[in-house]
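Chemist: First the structure, which I've put down as structure tokens, then a few questions once you've had a look.
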Amino acid sequence: MTISVRQARSGDQHALALVGAATFLESYAGVVDGGAIIRHCVERHAPEVYAQALETPGHALWLAEQDPGAAPVGYLHLTAPDLPVETRADDLEIKRIYVLASLHRSGLGRRFLDEATDHARAVGADRLLLGVYKNNTRALAFYDQMGFEKIGTRQFDVGGRIYDDWVLALKVGAPIKNRKNHN
């Protein structure tokens, strides 16, 4: 099995929307109310939402595809920070790192984090920020292993229901812990 990662481009919005909705459902079925999941996916994972992000300056997206057939299996979305913590001009937010559950522990999350840090350095960002659901122990363990630190909290609306997230930060100049060769 080969997984390639490339910068997303116009025309990828349907693949991004499919991965976004699928991974959100995988992650939160049984945790978040089903109706709220459906509303969230309809509102936030529609192809039009991704098409707009692909065309908006300051947004950068990467798409992971699995061969054969280049099936979409994950994505990374970076933006200027929109978090309820003190931010700096040289901060960049990881809006999402989404990977299908069948590829957890495959190294794809680390590949996306490498892309994020490389992009952050290229645009002069000093820190990566992100929000993650407080009860998502798998994701929190991953980000802790990579060197992220808790710097605050936020509330996150999923289909009209409010959930609590941690806000995490990683200094871009610091080496990512446990980095592995992805070749």
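The values are calculated or read from the model by the stated rules, or taken from the named source; none is laboratory data. Keep in mind it's a predicted model, so treat the numbers as computed, not measured. With ideal geometry, Cβ positions are generated from the backbone for all residues, glycine too; neighbour counts draw on all protein chains shown.
Chemist: Kindly establish whether residue 20 is of a type outside the set (S, T, N, Q) and at pLDDT below 95.
Modeler: No: the conditions fail for residue 20.
Chemist: Is at least one residue of segment 129-137 without any contact (Cβ under 8 Å) to a residue 60 or more places away in the chain and over 21 Å from residue 29 (Cα atoms)?
Modeler: Yes, some residue in segment 129-137 is without any contact (Cβ under 8 Å) to a residue 60 or more places away in the chain and over 21 Å from residue 29 (Cα atoms).
Chemist: Also, quick follow-up: Kindly evaluate residue 165 against the criterion of being in contact (Cβ under 8 Å) with a residue 40 or more places away in the chain and in contact with a strand residue (DSSP E or B) (Cβ under 6 Å, 6 or more places away or on another chain). Spell out how you get there, then give the answer.
Modeler: Numbers: in contact (Cβ under 8 Å) with a residue 40 or more places away in the chain: no; in contact with a strand residue (DSSP E or B) (Cβ under 6 Å, 6 or more places away or on another chain): yes.
Criteria not met by residue 165.
Chemist: Something else now. Residues to consider are 114, 118; find the one that is without any contact (Cβ under 8 Å) to a residue 24 or more places away in the chain and within 26 Å of residue 7 (Cβ to Cβ).
Modeler: On the way: 114 fails: without any contact (Cβ under 8 Å) to a residue 24 or more places away in the chain.
Just one listed residue meets the conditions, 118.
Chemist: Determine which member of the set 107, 74, 35 is in contact (Cβ under 8 Å) with a residue 24 or more places away in the chain, touching a His at 6+ places or on another chain (Cβ under 8 Å) and of a type in the set (Gly, Ala, Ser). Give the derivation first.
Modeler: On the way: 74 fails: touching a His at 6+ places or on another chain (Cβ under 8 Å); 35 fails: touching a His at 6+ places or on another chain (Cβ under 8 Å).
Of 107, 74, 35, the one residue that is in contact (Cβ under 8 Å) with a residue 24 or more places away in the chain, touching a His at 6+ places or on another chain (Cβ under 8 Å) and of a type in the set (Gly, Ala, Ser) is 107.
Chemist: Evaluate the following for residue 173: is it among the small types (Gly, Ala, Ser), without any contact (Cβ under 8 Å) to a residue 60 or more places away in the chain and loosely packed, with under 13 Cβ neighbours inside 10 Å? Please lay out each step first, then the result.
Modeler: Details: among the small types (Gly, Ala, Ser): yes; without any contact (Cβ under 8 Å) to a residue 60 or more places away in the chain: yes; loosely packed, with under 13 Cβ neighbours inside 10 Å: yes.
The answer is yes for residue 173.
Chemist: Considering 101, 116, 80, which residue is buried (at least 17 other Cβ atoms within 10 Å of the Cβ) and of a type outside the set (S, T, N, Q)?
Modeler: Working: 101 fails: buried (at least 17 other Cβ atoms within 10 Å of the Cβ); 80 fails: buried (at least 17 other Cβ atoms within 10 Å of the Cβ).
Just one listed residue meets the conditions, 116.
Chemist: Right, here's the next one. Looking only at segment 1-17, which residues are in a strand (DSSP E or B) and at pLDDT below 95? Talk me through it step by step, then tell me what you get.
Modeler: First, pick out the residues of segment 1-17 that are in a strand (DSSP E or B): 2-7.
Hit for segment 1-17 is 2, nothing else.
Chemist: May I pose another question? Look through 59, 104, 119, 77 and report the one residue that is modelled with pLDDT under 95 and within 17 Å of the chain's Cα centre (by Cα).
Modeler: Numbers: 59 fails: modelled with pLDDT under 95; 119 fails: modelled with pLDDT under 95; 77 fails: modelled with pLDDT under 95.
Step by step, each of 59, 104, 119, 77 is checked, and only 104 is modelled with pLDDT under 95 and within 17 Å of the chain's Cα centre (by Cα).
Chemist: Continuing with this model, one more query. Just checking, which of 51, 36 is part of a helix (DSSP H, G or I), surrounded by 12 or more Cβ atoms within 10 Å (Cβ to Cβ), among the aliphatic types (A, V, I, L, M) and in contact with a Lys or Arg (Cβ under 7 Å, 6 or more places away or on another chain)?
Modeler: Working: 51 fails: in contact with a Lys or Arg (Cβ under 7 Å, 6 or more places away or on another chain).
After ruling out the rest, the residue left standing is 36.
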